[in-house]
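These notes concern the structure reproduced below.
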Amino acid sequence: MTITPQDQRIRNNPFKGFLPFFWLSLACLGGILLADRLSLPDWIWLVGVSLSLLAFVLTLALPKSLALTQALRRWTRADRRLPGMILVLFFFMGGWRYAAEKIEVTPQHVAYYNGRGRVQLVGVVSEPPDPREDHTNLTIQVEGLRLLDGGDELKPFSEVSGLVLLRVDVGNIFAYGDRLEVTGQLDHPFEGAGFSYRDYLARRRILSILSYADVHHLESGAGNPLRTLLYQLSDRGYAALQQLFPSPESDLLAGILLGRDQGLSQDLQDAFRSTGTTHIIAISGFNIAILAGLFSSVFTRLFGRKWGAVSAVLGIAAFTVLVGGEAAVVRAALMGGLGVLGGMFGRRQNGLNSLGLVVLLMALLNPNLPWDVGFQLSALATLGLILYGQPLEEWFVRLASRRMSEDQANRLVGPVSDFFLFTLAAQAMTMPIIAYHFGGLSWIALIANPLILPAQPLVLILGGLAMLAGIVLPGLGRVLAVIALPFVQYTVRLIDWLGRWPGGDLVLPDFHGFWLVIFYGLLFVFTLLPPEPRRKLVKRLLSLQSVLLVVFGMVIFVWNRVLTLPDGNLHLTLLDAQGTVLVQTPAGHAVLIGGGESPSRLSQQLGQMLPAGRGKLDLLFVGSAAREDLNGLYALMEDHPPEMVLWGINPEETTTSRELYAGLVELDVPIVELEVGHSLDFGSGVQLRVIEVGKKSAVFWLEWENFSALLPTGKVKNDWLAVPSAPDALLLPDDLEGANLPRKRMSEWTPALVLLPLDEADMPLEGELPLVGLLADYPLVTTLAHGWVRVSTDGQEMWVRGER
């Protein structure tokens, strides 16, 4: 076949040619994103839809001889194959759909009753239960609600709608379609400085949460019969996997095939996380795209292009039904299926059009999808297969033809594509998104992904066939499980081994959105450029100047990492006037006591004091229920999440404590009840002990070699003075008055340093604070004079540094 210049240009540039659905989907997404930023009422967007539609209709209806018609045709670009006004129309349509989707909170919506006292509601479990380690999340579609005002006579149920996120204990077993009666208090989801759980749930149309409720089961089978059947099929598949495969291989397959990753041990989940391979343990757009590529390649060789595409689509549909038909899987399956039908591995323009059509339909049906990580992975993985699947095959044939005949290379390219090249194409497109959403990439991911990904198509196909056969023909399922087991074991053993590598928790700095734009911009430039300009650009990038610049950047990065290594000293930093304390141990552990009242201030301070690339806290102590001691902790939810929390107050004490506790539970942060006698060893001999826990306070004792410090938090009483020995550093409570200052005890202790949390609000209008005068004979340092105060010690000597 002779390739014309036009065909050659289109082949080199997949974005040339007629791509109506691709450009319409981009216009619609642009309208959705702008509507999210502007928050305009839906009628404004509807006016835009009406005007653009009117202009286009007039362009077609008016006589072409009129001057008005000529002006309209130029303005609407009606002479193009895809008129510009159609793009404008879909832009406004996307904005209108987003604005119209916003929920209006009225007495007929359940969110109206957030924070209005105890309620009793009746609703149906509208999604499969989401089990966690210490609780289970249920999404409830509310049918009726009544307020409980404490009277003896119950009011009738009012007709109320909306979704509620309900948390129940792990011992309670519920299923999709169960009708429940729930009694408790509705609350708003928490909203912190860097992460808004309220916005996250709002995109799922959930505006209310309900914890610690009384739940009574009324009846079963109130859900959609088809969805019930699909979930039952998923349950049978899960049971088959548990019978056919040993643990943890069965738990891994349950995550990959059914989206149930709760059975994996915490150690193995940590290994997947530290190696940057968490994307393979749950159903995702990436896995479905790989499956679509594999089905298309195999069935096309078996049945030809036409019937191969049909067979591939049927295979994807069967897999979707098999795993339960979850919304995320259906989205990914639609993208993969239409990509196959559009000639995903033939002319790439058809694949781009099919992808655009799917994205357009999904965005119009659910305008909150652009913020869904699964949607982003599905779209980008499919786009990677469309753009780079065929070019990678052609590149491999050219490379292999140097070592073997062209016929042998063409026969070899099929299996190489199925198990490596398609995976590489999808991974190249999705890795930056994974890095962005999960705060960076483990350096081990650079090793783990090339080793682990080629086996994943076989894990998907063989594991899925074994599960399906196990449901219908258990004997055949056992045979297939024997064939699939080595590939699953390879995945588990390799990840477990790599996860134990020293330094595996070293991750790249947070992946800012700006670098996403840079990465995809460069990627698409290379995609669009013809071969000769592309070679010239590569030559320039590999020039001596560019190489030196990259080396310089790597030196700066490595030097920065060296500078942020632990210095072998113990650091105790008083952060604010509420007595929030950050302890950094010689081994590099970070412990936070309290939180203060400003999320932004706490986030900024931790960002400055914690090593770059290591944003997490090892431990958080919560010993005060006061808002001014807790509000700052909202900053931790996204920026600096703790590995563990020791909780010493009643979660229901205040609204702030309740929302904070719920947020930590949602993030799966382990929470341990704070008790007197708790002693934590942070290595190198550093001990932190809990010596007192009150209703609104806690007292801690920090000790290392010849250094000790007394650290109270919250509204402490006189019993905070019961310490093992005289402290070298004494932190006074932030609400301490002069009359309660234990001067006799302090004269016995003779501390080397007294820390006093103070700000302008604590000072009287005239004169000096009496407490400061009483401490004139002691080495006193306050946050009023120095902002934050850092006490450092090598175990023998102590030195102090202030912010200003």
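For the range 202-218, the set of residues classified as assigned to a loop (DSSP other than H, G, I, E, B) and either of a type in the set (Asp, Glu) or closer than 26 Å to Thr106 by Cβ (or both) consists of Arg203, Arg204, Arg205, Ser211, Ala213, listed by residue number. Within the range 85-94, is even one residue under 21 Å from Phe22 (Cβ atoms), part of a loop (DSSP other than H, G, I, E, B) and within 42 Å of the chain's Cα centre (by Cα)? Among the residues of the range 85-94, not one is under 21 Å from Phe22 (Cβ atoms), part of a loop (DSSP other than H, G, I, E, B) and within 42 Å of the chain's Cα centre (by Cα), which makes the answer no. In the set (1) in a helix (DSSP H, G or I); (2) within 27 Å of Asp169 (Cα to Cα), the condition left unmet by Gln608 is number (2). Looking only at residues of the range 356-381 that are outside any helix (DSSP H, G or I) and surrounded by fewer than 24 Cβ atoms within 10 Å (Cβ to Cβ), we find that the one that is modelled with the lowest pLDDT is Asp372.
The sole residue among Leu732, Leu753 that is more than 21 Å from Val622 (Cα to Cα), at pLDDT 80 or above, in the same structural domain as Lys696 (by TED's automatic domain parsing) and surrounded by 17 or more Cβ atoms within 10 Å (Cβ to Cβ) is Leu753.
Residues checked against (1) modelled with pLDDT under 90; (2) exposed (fewer than 15 other Cβ atoms within 10 Å of the Cβ); (3) not assigned by TED's automatic domain parsing to the domain that holds Leu24:
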{"residue": "Gly94", "(1), (2), (3)": "no, no, no"}
{"residue": "Gly117", "(1), (2), (3)": "yes, yes, yes"}
{"residue": "Leu121", "(1), (2), (3)": "no, no, yes"}
{"residue": "Glu127", "(1), (2), (3)": "yes, no, yes"}
{"residue": "Asp134", "(1), (2), (3)": "yes, yes, yes"}
{"residue": "Ile140", "(1), (2), (3)": "no, no, yes"}
{"residue": "Glu153", "(1), (2), (3)": "yes, yes, yes"}
{"residue": "Pro156", "(1), (2), (3)": "yes, yes, yes"}
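Determine which member of the set Leu421, Leu369 is free of Cβ contacts under 8 Å to residues at least 60 places away in the same chain, closer than 30 Å to Leu201 by Cβ and not basic (Lys, Arg). Only one candidate passes the filter, namely Leu369. The set of residues from the range 669-726 being under 37 Å from the mean Cα position of the chain (by Cα), part of a loop (DSSP other than H, G, I, E, B) and among the basic types (Lys, Arg) comprises Lys695, Lys696, Lys715. Considering every residue within the range 476-485, establish whether at least one is part of a helix (DSSP H, G or I), closer than 30 Å to Ile434 by Cα and modelled with pLDDT of 80 or more. Yes, there is a match, as at least one residue in the range 476-485 is part of a helix (DSSP H, G or I), closer than 30 Å to Ile434 by Cα and modelled with pLDDT of 80 or more.
Rundown of residues vs (1) in the same structural domain as Trp501 (by TED's automatic domain parsing); (2) on the phi > 0 side of the Ramachandran plot; (3) aromatic (Phe, Trp, Tyr); (4) crowded, with 19+ Cβ neighbours inside 10 Å, yes/no style:
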site	(1), (2), (3), (4)
Gly389	yes, no, no, yes
Glu393	yes, no, no, yes
Phe396	yes, no, yes, no
Met429	yes, no, no, yes
Ile434	yes, no, no, yes
Pro457	yes, no, no, yes
Arg478	yes, no, no, no
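The values are calculated or read from the model by the stated rules, or taken from the named source; none is laboratory data. In this text the structure is predicted, and so the values were computed from the model without any measurement. Ideal geometry is used to build each Cβ from the backbone, glycine not excepted, and the neighbour counts take in all protein chains shown.
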